[in-house]
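**Q** Following this message is one structure expressed as structure tokens.
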Protein chains: 2
Amino acid sequence: MNTKPTMKEVAAAAGVSVMTVSRAFRSDASISDATREHIRKTADDLGYVFDSVASNLRSQRSGFVAVTIPSINNANFADTVAALTSRLDAAGLQVLLGRTNYDMAEEERLIGQLLRRQPEALVVTGGHHTERARRMMQKAGVPVVETWDLPKAPLGHVVGFSNTDVMRFMVAHLTARGYRRIAFIGGDSAYDTRGADRRRGFVAAMEERGLDPSRLITVGRPPVSMREGAAAMAILLDTLPDTEAVVAVADPAAFGALTECARRGVRVPDDIAIAGFGNFEISGVAVPALTSIDPFPARIGEQAGQLIADLLRGDATKNGPTLIEVEPQLVARASTGAG
Amino acid sequence: MNTKPTMKEVAAAAGVSVMTVSRAFRSDASISDATREHIRKTADDLGYVFDSVASNLRSQRSGFVAVTIPSINNANFADTVAALTSRLDAAGLQVLLGRTNYDMAEEERLIGQLLRRQPEALVVTGGHHTERARRMMQKAGVPVVETWDLPKAPLGHVVGFSNTDVMRFMVAHLTARGYRRIAFIGGDSAYDTRGADRRRGFVAAMEERGLDPSRLITVGRPPVSMREGAAAMAILLDTLPDTEAVVAVADPAAFGALTECARRGVRVPDDIAIAGFGNFEISGVAVPALTSIDPFPARIGEQAGQLIADLLRGDATKNGPTLIEVEPQLVARASTGAG
DNA sequence: ACATGGCTTGTTAACGATAACATACAGAAG
DNA sequence: CTTCTGTATGTTATCGTTAACAAGCCATGT
């Protein structure tokens, strides 16, 4: 009673060999229904708990898929993780989640830690990593999937979209509605690499159209909060009052900007238009509703999970790395005069 | 090169025994700095990755703390997990996260899965569990911490607050400001047990003051979304137009309610007051800012992590289960005529 | 010079499960 | 009746690391 029972105890109590107990706890093994039933019941009575650690060591399969995301508290990444988790769950795999806090150095540390647990696959957010992190992932000997991005030099598989190109849709939408003096609100580029990509995309798209791409407001480290979005809007209204439209790096910042307008009596979209990115719930609910871009986070998780399940079952085409592009979609709403 | 190197290979390459390599990868073991340095370098050159699985089996220490939360995408729980994670990280422990989706049956399944990984402690959200889940946790032989609640019959340790009592503060605040006809917006009680507790607390507090506690709007399964909050407000305004104040089970629902008022031209707080729970960022940013209750999620995670670190170091007082109450605080803002 | 003790390194067995192989047995086929 | 086939169970060795114990070496004190 002092120490927790092992298969040995269960085997003794059930009058069978340890191997038979082992088989009773797996789905595919050949064992008669009666024996399995009997062993399960005996185990239950003894309070036996299967030890995955020992199982993992002997079978050399951890059942883990390591996943890193910048922040847990972000509806977009959470949706991806949720979809990924349920897809992998169906394949008998468990997600081992790590949070990088938008920091490549932290990501490197985390990947090192996660790899020690012998994951069967690795899913990371974004395509920017430290050199050491890249090397670790390449030598890990398991499938690597980069998500939420379309890296120029992928480490392995990719499920995502181009954060640069996506801004073209947004600038096209705004110029089509007649806006010319358009500003961008984002965070410190040294950290949020995907946000920096979107800013780059914004600048490029503006330049392509011969428009001034210099209205850039930077506020703090990512993720850019609602409060910081409001602060950025305050700066913008104070320093560049003739701005006609604002694109925020993500919806929470866009919503913060919207609230600042409300506080100042600036009408949206009559006086200034606002748009975000991510299609967070708040964008559909806010008054006025915010134009955004839906990157289909759940679809990203679903596809990544499917890919990994296929790869590990071994029946996937082994024709090198897969690239799955999940095309984002512009959602036009009242905040840019649409909807 | 085909198979990944083990300590054996590293030992051979470095010209030492396997045991010495093992020591080189731990912090406390007695080994000379020169040898450690040499082994670390050799290991690095070989691309050796420490195998936690084998280590865990032999040492009977997994380095895991299993944690269950209802939803990943909730700023409150995310803050708790973040604080818990960083506190445990300092103690060399890794969080193994599972999401219950506000479902006790799912929680039971999850706890069973997590226990197989031999966690060194278990942190669960809430004090309501299935009978089987309770039994599993009690027999797990590791510290169990229930959070975000103050259960009547705790399983072990507790770090939280009473979801029932907390509504007393809110009703007191509203009645002090002169509101009498107060409604409550919540989700299906069969799922969100903490939400149901808050609803119970609301009813009790209203009755204590001789006020009508029957203005209860129920919308869907938890978590109650912004959209559902808006829908609930629509129902309320249509069916009980003389309501003076509304308390939502959580801030997102409260914000949804606020947006519905904005769409209808109902003024807040002049025509109706709104309050929420959780002190999410949105409540401080919304216009008008929303009155809420701050449950100090980070403090909950911090305390739970500290408790576990102490317990596992063994130097904690073993005087039975610990109960740490983290007192929530009312944050009065413009949406109830304050601030 | 020799015992003592601290520091560093090595040897052996074990953690709890499963892969691989061996074997027993029942019913089918010849 | 013998051989064959397939299902159900058992035996042995092993996954990669570390606990426990053993032992060597060197400096120090007497």
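The values are calculated or read from the model by the stated rules, or taken from the named source; none is laboratory data. Keep in mind it's a predicted model, so treat the numbers as computed, not measured. Cβ atoms come from the backbone with ideal geometry, glycine included; neighbour counts cover every protein chain shown.
Table: residues versus (1) crowded, with 22+ Cβ neighbours inside 10 Å; (2) in the same structural domain as B:ALA196 (by TED's automatic domain parsing); (3) under 23 Å from the mean Cα position of the chain (by Cα); (4) in contact (Cβ under 8 Å) with a residue 24 or more places away in the chain.
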{"position": "B:GLY220", "(1), (2), (3), (4)": "no, yes, yes, yes"}
{"position": "B:GLU228", "(1), (2), (3), (4)": "yes, yes, yes, yes"}
{"position": "B:GLU244", "(1), (2), (3), (4)": "no, yes, no, yes"}
{"position": "B:GLY256", "(1), (2), (3), (4)": "yes, yes, yes, yes"}
{"position": "B:GLY265", "(1), (2), (3), (4)": "no, yes, no, no"}
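**Q** Inspect the stretch B:97-106 for any residue being within 12 Å of DNA strand C (Cβ to nearest atom) and loosely packed, with under 15 Cβ neighbours inside 10 Å and give the result as yes or no.
**A** no
**Q** Do you know which of the residues in the stretch A:14-23 that are in a helix (DSSP H, G or I) and either of a type in the set (Val, Ile, Thr) or within 9 Å of DNA strand C (Cβ to nearest atom) (or both) is surrounded by the fewest Cβ atoms within 10 Å (Cβ to Cβ)?
**A** A:MET19
**Q** Just to be sure before I move on: is A:LEU122 farther than 27 Å from A:THR239 by Cα and assigned to a strand (DSSP E or B) in the structure I sent? Steps first, please.
**A** Details: farther than 27 Å from A:THR239 by Cα: yes; assigned to a strand (DSSP E or B): yes.
When the stated conditions are applied, A:LEU122 passes them.
**Q** Is it the case that the stretch A:308-317 has a residue that's surrounded by 24 or more Cβ atoms within 10 Å (Cβ to Cβ) and either more than 19 Å from A:GLY220 (Cβ to Cβ) or within 12 Å of chain B (Cβ to nearest Cβ) (or both)?
**A** Within the stretch A:308-317, one or more residues are surrounded by 24 or more Cβ atoms within 10 Å (Cβ to Cβ) and either more than 19 Å from A:GLY220 (Cβ to Cβ) or within 12 Å of chain B (Cβ to nearest Cβ) (or both).
**Q** Residues B:ARG134, B:ARG116: which one is surrounded by fewer than 20 Cβ atoms within 10 Å (Cβ to Cβ) and touching a helix residue (DSSP H, G or I) at 6+ places or on another chain (Cβ under 6 Å)?
**A** B:ARG116
**Q** Related question: Tell me which residues, restricted to the stretch A:75-99, are part of a loop (DSSP other than H, G, I, E, B) and closer than 15 Å to B:LEU97 by Cβ.
**A** Within the stretch A:75-99, A:LEU93 is the sole residue that qualifies.
**Q** Among the residues of the stretch A:253-283, which ones are closer than 26 Å to A:ASP197 by Cβ and either facing chain B (nearest Cβ under 7 Å) or aromatic (Phe, Trp, Tyr) (or both)?
**A** Across the stretch A:253-283, the qualifying residues are A:PHE255, A:GLY256, A:PHE277, A:PHE280, A:GLU281, A:ILE282.
**Q** Considering only residues that are of a type in the set (Gly, Ala, Ser) and within 11 Å of DNA strand D (Cβ to nearest atom), look in the stretch B:31-70 and name the one that is farthest from B:ARG109 (Cα to Cα).
**A** Checking each candidate, the answer is B:SER32.
**Q** Restricting to the stretch B:99-151, and then to whatever is of a type in the set (Gly, Ala, Ser) and under 14 Å from the mean Cα position of the chain (by Cα), can you tell me which residue is farthest from the other protein chains (Cβ to nearest Cβ)?
**A** B:GLY127
**Q** Residues in the stretch A:57-93 that are within 16 Å of DNA strand C (Cβ to nearest atom) and either buried (at least 23 other Cβ atoms within 10 Å of the Cβ) or aromatic (Phe, Trp, Tyr) (or both): how many?
**A** Looking only at that region, the number is 3.
**Q** For residues that are assigned to a helix (DSSP H, G or I) and either among the hydroxyl-bearing types (Ser, Thr, Tyr) or within 8 Å of DNA strand C (Cβ to nearest atom) (or both), tally how many sit in the stretch B:25-40.
**A** Residues that pass the stated criteria total 4.
**Q** Sticking with this one: Quick one: count up the residues across the stretch A:49-86 that are aliphatic (A, V, I, L, M), at the interface with chain B (Cβ under 7 Å from one of its Cβ atoms) and out of contact with any Leu (no Cβ under 8 Å at 6 or more places or on another chain). Break it down stepwise before answering.
**A** Going residue by residue through the stretch A:49-86, those that are aliphatic (A, V, I, L, M) are A:49, A:53-54, A:57, A:65-67, A:69, A:72, A:75, A:78, A:81-84.
Narrowing further to those that are at the interface with chain B (Cβ under 7 Å from one of its Cβ atoms): A:49, A:53-54, A:57, A:72, A:75, A:78, A:81-82.
Then drop every residue that is not out of contact with any Leu (no Cβ under 8 Å at 6 or more places or on another chain), which leaves A:75, A:78, A:82.
Number of matching residues: 3.
**Q** What about B:ALA75, is it away from DNA strand D (no atom under 16 Å from the Cβ) and small (Gly, Ala, Ser)?
**A** So B:ALA75 passes the test.
**Q** A further question on this structure: Go through (1) under 20 Å from B:THR291 (Cβ atoms); (2) out of contact with any strand residue (DSSP E or B) (no Cβ under 9 Å at 6 or more places or on another chain) one by one and return the number of the condition B:GLY195 breaks.
**A** Looking at each condition in turn, B:GLY195 falls short on (2).
**Q** Another one. Can you tell me which residue among A:ALA43, A:ALA11 is within 14 Å of chain B (Cβ to nearest Cβ), within 22 Å of B:GLN60 (Cα to Cα), within 12 Å of DNA strand C (Cβ to nearest atom) and assigned to a helix (DSSP H, G or I)?
**A** On inspection, the qualifying residue turns out to be A:ALA43.
One line per residue, one yes/no per condition, for (1) more than 29 Å from A:GLU302 (Cβ to Cβ); (2) in a loop (DSSP other than H, G, I, E, B):
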{"position": "A:LYS152", "(1), (2)": "no, yes"}
{"position": "A:VAL159", "(1), (2)": "no, no"}
{"position": "A:PHE169", "(1), (2)": "no, no"}
{"position": "A:LEU174", "(1), (2)": "yes, no"}
{"position": "A:GLY178", "(1), (2)": "yes, yes"}
{"position": "A:ARG221", "(1), (2)": "yes, yes"}
{"position": "A:VAL224", "(1), (2)": "no, yes"}
{"position": "A:PRO241", "(1), (2)": "yes, yes"}
